[in-house]
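Colleague: Please see the structure below; I have some questions.
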Amino acid sequence: MPMNAQGRPSAPGSAKQPEIPTISGDRGLDHEEALIFELGREGVTGVDIPDVQVSDKRLGNSRRRGRIGLPGLSEPEVVRHYVRLSRMNYAIDSGLYPLGSCTMKHNPRLNEKMARLPGFGDVHPLQPQQTVQGALQLISELMRWLTTLTGMPAVAMSPKAGAHGELCGLLTIRAALEARGEKRTRILVPSSAHGTNPATAALCGFRVDEVPATEDGHVDADALEAKLGPDVAAIMLTNPNTCGLFEPRVKEMADAVHAVGGYFYCDGANFNAIAGRVKPGDLGVDAMHINLHKTFSTPHGGGGPGAGPVVLSAALAPYAPLPLLLQDGDRLRLIEERGALPAEAKPFGRMCAFHGQMGMFVRALAYMLSHGADGIRQASEDAVLSANFILASLKDAMSAPFGDGPCMHEALFDDSFLEGTGVTTLDFAKAMIDEGYHPMTMYFPLVVHGAMLIEPTESESKESLDRFIHVLRALAKEANAGKRERFEGAPHYAPRHRLDETAAARKPILRWRRPDLPQAAE
Amino acid sequence: MSETRYTDQHEWVRVDGDEATVGITKYAAEQLGDVVFVEVPETGRNLGKGGEAAVVESVKAASEVYAPVDGDVTAGNPALADDPAKVNADPEGEGWFFKLKIADKSQLEKLMTAAQYAEFVKGL
Amino acid sequence: MRYLPLTGDDRAAMLAKIGAPNIDALFRDVPSAAVVSRSAFDLPDTQGELEVERGLSRIAARNVAAGSVPFFCGAGAYRHHVPAAVDHLIQRSEFLTSYTPYQPEIAQGTLQYLFEFQTQVALLTGMEVANASLYDGSTATAEAVLMAQRLTKRPKAVLSGGLHPHYAETVETLASLSGEVVRAPITPGKAEDFAAQIDNQTACVVVQSPDAFGLIRDLRPIAEAAHAKGALLIAVVTEVVSLGLLEPPGHQGADIVAAEGQSIGNGLNFGGPYVGLFATREKFIRQMPGRLSGETVDANGKRGFVLTLSTREQHIRREKATSNICTNSGLCCLAFTIHLSLLGEEGFVRLARANHARASALADRLSNIKGVELVTPNFFNEFTIRLPKPATSIVDALADKRIIAGVPAPRLWPQERDLRDLLIVAATETASDEDCDALVKALSEVL
């Protein structure tokens, strides 16, 4: 019988491959990629726009004389460039992303689709208000969810991120104090706080007074109360705190600051642990920002954009910044200026142009509607359950300073289990990259030595958590067995090895420059 | 004849007549890691003991350097702007930060001697 | 709930491992007075995708989308055509669902596009360096004023009357904490003389060009006047497409440029999220707020990028940081970078010219209508006209005819009686001939 003996071999052959450098510098699916400026040329474009000539008649004396220096590329070249760049990134869609305090949970694509409806994505902030009643309705509906879930009477929607929300909250407090004719100068901030807290307090002209932590990872409530006085404007607490613990004495601290006439600002970065189970309003909170990009899953997008609405107590509500949204008969009305204020409103100013992060509002509301109140509560419970599961499963292999539990939505470890191994927290975390994981948050909070803060979120299956625990236990075992190879210089299997941050900071190169031009040719 | 004294904030002071040269100790330089940036005070600035005089930064930390005694700045080390690595390479020599004209020499007596500072670091 | 992978069995097994009898035990630190029941909220329960989409679509349909009508609003937010490739690329999981690039080995994609973005912004503005973006143009302007106060150690900021009033209010809110903010009188269609207002306490002069009425400002004499007194010039740009046709602020003596980057790559989104551009001189970088991506090499000598100079930032400097800002506007600056890469030099310059041509033609036609007068002799793609009647009522009347004619000046300056009849009209490449015809015809009818 005739047969084709020339077919291609179907056996895998030897799996052992010598390390041969490739000719192109690429390695299979791992492509190297030049800067866009090194790829482009003159006279090429990826967008077809008619070439219209214009006169200088209406340009004053200001017509551009020189070239800008942008490279030209066709659409396929641009698409390939950014697709290749994207492939050098780790993402929550591709793997577990246990960054404590950052809340990397699943980002539903329905939310993206909703934000792109022309009725939301293609409306202008200054269109006549009768043409944007739906946009105002959406904001109003989100306000209802936020105030209901937090048990607070009011919310300022315009802050554009968590730190911007903190700023809004402290400015509201400042305005309320001014209205009382008081000038208070001090803000109490725990040593475990996010860096934004002291930075924001300082920006608002307050003096930061640090409150120590107790041995068990809580804010030292006694020390805090001892520091209270008539010059304290506010306390700024994160609850659950940055060690992943709920502050059991939070109400007592709130009452104490109220007793001396100060306010309670709560950093709401960790609201995702308690949403649907605890109303911050019941804890005596006066102002709290909500990171929509954490608790309500608007995508982090490589570092933004975020959104940070601030819920306010009745005492602070009148001082919320412009714009305000009011129900006016059967219509919603946006108040953008002081001339049209309702009697009780005394806004401290304006946080930004226009009305806030509408695109993020749509995504957050889609998330809330999808979950419902019951789903939000379940998500918080699952996040807390998963973190406790990790704590319970790793505390004997690693070292947990507050391992008796329970924790809230994140589990904190320190580096005492690595003592004497020659492996640092950084090495341990970088070795996780080789195992296909994004590292946890490292060296934060500052109150724990060599901190490793793991936040699994509610988005992981038990199988995924089991596998993660297995890998971390094995890594801890190897470190303790003195097998340092996999830790030293890790990661070994990433698009880049460790980068020289010292050189980057000593002689900063912050932009590309044409190599044939002297640097002075600006 | 010069002598070197130390503060509990890890500055060293080398006294030569009325003039003091100030830098950060080897221990401090090691704790900071690779120094990437140094800002030294302008000549003529009047410094009070314990006041912020200079800034030193590594990749992940920023610290203030305090004036160990009262005095007027007579020079900042110009080499550190271009080569902050000198602080790591030779912290108590070429990596000096600034010189000042001492206003009150009696303040020096409160500072630690080399032996006392070594003991102090051991206790940290 | 479709987003939650744990099953009842999983939860039971996990609680057993933890040694907790039930989920409530994990919340034991919550004071009992603050524990709420499952039914404590007057909010709906879980909904499927179909229901959510149906409900939100219904709300969206109550808005008049800009693309569905003749549309001429600008005043800080501009409607441009964004190529389809932009939205596709920014929705790639690796961009959309990654965090701030704190682990550079597995975030080179983000770090490299930020480096490209910084370069593009520096080139467009004619400045030496730019950061990896701030929230938006208004907050970037406020940060620029704070930076000028730090650099000059002086308290006073002088704001041009042509600065977008929302920007001016944002600056006032923030910069009056540490200094003094002075607003110059509003002079629609005219340049201002700042010389008398700049003294030895002035940290900076803030000037927008094209200004809030659309007028192109010559920054050179203002830079000279500011520098003569040791003050800085902060140039504000709300329509970056103008930089394809106009001399960049960096070539006119600006020390800091704060701009709104929404026009490139980003939709109107009812005001946000947008992307703040921030550029300055190299010698000022240690006082610059916000993130920076810098070039370096890895252990094998390969080029790579890292976040750098972070000792300026809040997570290290805490209360001594240059700013409290933590996030940038990552995904919006990616959209900006991709759109600008698609345009390239040629596309960007053509886009700018197309905008100016369209606005010029429309300005000619509108000012031919009886009683209508062009207020701004020079402009890019946005101009101001004086109507014989209050502009707000005209805009409302045209909105009833499904034409969004522009932004009436009283929307921005409600207290200024003199501006009552002014209408600010923007015409970008997205305004078709038919759109312009419809506006001219309808305006003639209602006047």
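Colleague: Determine whether C:Thr280 is free of Cβ contacts under 8 Å to residues at least 60 places away in the same chain and either of a type in the set (Val, Ile, Thr) or surrounded by 24 or more Cβ atoms within 10 Å (Cβ to Cβ) (or both).
Modeller: So C:Thr280 does not fit the description; no.
Colleague: Ok, one more. Kindly provide the set of residues from segment C:70-118 that are among the hydroxyl-bearing types (Ser, Thr, Tyr) and under 18 Å from the mean Cα position of the chain (by Cα), ordered by number.
Modeller: C:Tyr78
Colleague: Let me ask another. I need the full set of residues from segment C:36-48 which are facing chain A (nearest Cβ under 7 Å) and without any contact (Cβ under 8 Å) to a residue 40 or more places away in the chain, in order please. So that I can check it myself, show each step before the final result.
Modeller: Our first condition is that a residue be facing chain A (nearest Cβ under 7 Å); within segment C:36-48, this holds for C:36, C:38, C:41-47.
Those that are facing chain A (nearest Cβ under 7 Å) and without any contact (Cβ under 8 Å) to a residue 40 or more places away in the chain: C:Val36, C:Arg38, C:Phe41, C:Asp42, C:Leu43, C:Pro44, C:Asp45, C:Gln47.
Colleague: Could you tell me which of the residues C:Ser93, C:Ser32, C:Ser37 is among the small types (Gly, Ala, Ser) and assigned by TED's automatic domain parsing to the domain that holds C:Asn328?
Modeller: Unique residue meeting the criteria: C:Ser93.
Colleague: Quick check on segment A:28-35. Is at least one of its residues under 30 Å from C:His356 (Cβ atoms), modelled with pLDDT of 95 or more and not basic (Lys, Arg)?
Modeller: Looking through segment A:28-35, none of the residues is under 30 Å from C:His356 (Cβ atoms), modelled with pLDDT of 95 or more and not basic (Lys, Arg).
Colleague: Now for a separate question. Output the number of residues of segment A:377-421 satisfying the condition of being assigned to a loop (DSSP other than H, G, I, E, B), of a type in the set (Asp, Glu) and within 14 Å of another protein chain (Cβ to nearest Cβ).
Modeller: Matching residues across segment A:377-421 total 3.
Colleague: Please indicate, with yes or no, whether at least one residue in segment C:229-236 is assigned to a loop (DSSP other than H, G, I, E, B) and over 25 Å from C:Ser323 (Cα atoms).
Modeller: Taking every residue of segment C:229-236 in turn, at least one turns out to be assigned to a loop (DSSP other than H, G, I, E, B) and over 25 Å from C:Ser323 (Cα atoms).
Colleague: Within segment C:50-73, can you find the residues that are surrounded by fewer than 16 Cβ atoms within 10 Å (Cβ to Cβ) and acidic (Asp, Glu)? Step through it out loud before you land on a result.
Modeller: Taking segment C:50-73 and keeping what is surrounded by fewer than 16 Cβ atoms within 10 Å (Cβ to Cβ), we get C:50-51, C:54, C:57-58, C:61-62, C:67-68.
Residue satisfying the conditions is C:Glu51 alone.
Colleague: Being under 27 Å from A:Lys294 (Cβ atoms) and either more than 7 Å from chain A (Cβ to nearest Cβ) or of a type outside the set (A, V, I, L, M) (or both) is the filter here; which residues of segment C:55-97 pass it?
Modeller: Listed by number, the residues that qualify are C:Gly55, C:Ser57, C:Val86, C:Asp87, C:His88, C:Ile90, C:Gln91, C:Arg92, C:Ser93, C:Glu94, C:Phe95, C:Thr97.
Colleague: On to the next question. Please go through segment A:223-280 and pick out each residue that is touching a Lys or Arg at 6+ places or on another chain (Cβ under 6 Å) and in a strand (DSSP E or B).
Modeller: A:Val232, A:Ala233 - these are the residues of segment A:223-280 that are touching a Lys or Arg at 6+ places or on another chain (Cβ under 6 Å) and in a strand (DSSP E or B).
Colleague: Show the residue pairs that are 6+ apart or on different chains and have beta-carbon atoms under 7 Å apart, the first residue being within segment C:256-269 and within 15 Å of C:Asn328 (Cα to Cα) and in the same structural domain as C:Gln149 (by TED's automatic domain parsing), the second being of a type in the set (Asp, Glu) and outside any strand (DSSP E or B).
Modeller: Within 7 Å, the pairs are C:Glu260/C:Asp136.
Colleague: Hey, among C:Ala148, C:Ala157, C:Ala142, C:Ala122, which residue is more than 18 Å from the chain's Cα centre (by Cα), in a helix (DSSP H, G or I) and at pLDDT 95 or above? Talk me through it step by step, then tell me what you get.
Modeller: On the way: C:Ala157 fails: in a helix (DSSP H, G or I); C:Ala142 fails: more than 18 Å from the chain's Cα centre (by Cα); C:Ala122 fails: more than 18 Å from the chain's Cα centre (by Cα).
C:Ala148 is the lone residue from the list that is more than 18 Å from the chain's Cα centre (by Cα), in a helix (DSSP H, G or I) and at pLDDT 95 or above.
Colleague: Answer yes if at least one residue in segment B:2-9 is polar (S, T, N, Q) and touching a His at 6+ places or on another chain (Cβ under 9 Å), and no otherwise.
Modeller: no
Colleague: When both residues are 6+ apart or on different chains and their Cβ atoms are under 6 Å apart, which pairs have a first residue that lies in segment C:340-354 and is at the interface with chain A (Cβ under 7 Å from one of its Cβ atoms), and a second that is among the hydroxyl-bearing types (Ser, Thr, Tyr)?
Modeller: C:Gly344/A:Thr45; C:Glu346/A:Thr45; C:Gly347/A:Thr45
Colleague: OK, next. So, in segment C:300-315, how many residues would count as being at the interface with chain A (Cβ under 7 Å from one of its Cβ atoms) and in a helix (DSSP H, G or I)? Before the answer, list the steps.
Modeller: Filtering segment C:300-315 for residues at the interface with chain A (Cβ under 7 Å from one of its Cβ atoms) gives C:300, C:302, C:304, C:306, C:308-309, C:314-315.
Next cut, in a helix (DSSP H, G or I) only: C:314-315.
The qualifying residues number 2.
Colleague: So if I check each of B:Val56, B:Val22, B:Val38, which one is buried (at least 18 other Cβ atoms within 10 Å of the Cβ), within 14 Å of chain A (Cβ to nearest Cβ), under 11 Å from the mean Cα position of the chain (by Cα) and under 24 Å from B:Ala114 (Cβ atoms)?
Modeller: Values: B:Val22 fails: within 14 Å of chain A (Cβ to nearest Cβ); B:Val38 fails: under 11 Å from the mean Cα position of the chain (by Cα).
After ruling out the rest, the residue left standing is B:Val56.
Colleague: In addition: Just to be sure I understand, how many residues within segment A:320-345 are within 12 Å of chain C (Cβ to nearest Cβ), under 22 Å from A:Gly169 (Cβ atoms) and either in contact with a Pro (Cβ under 8 Å, 6 or more places away or on another chain) or surrounded by fewer than 16 Cβ atoms within 10 Å (Cβ to Cβ) (or both)?
Modeller: Total meeting the criteria: 7.
The values are calculated or read from the model by the stated rules, or taken from the named source; none is laboratory data. Computed from a prediction, not measured in an experiment: that's the story for all the values here. No Cβ is skipped: glycine too gets one built from the backbone with ideal geometry, and neighbour counts run over all protein chains shown.
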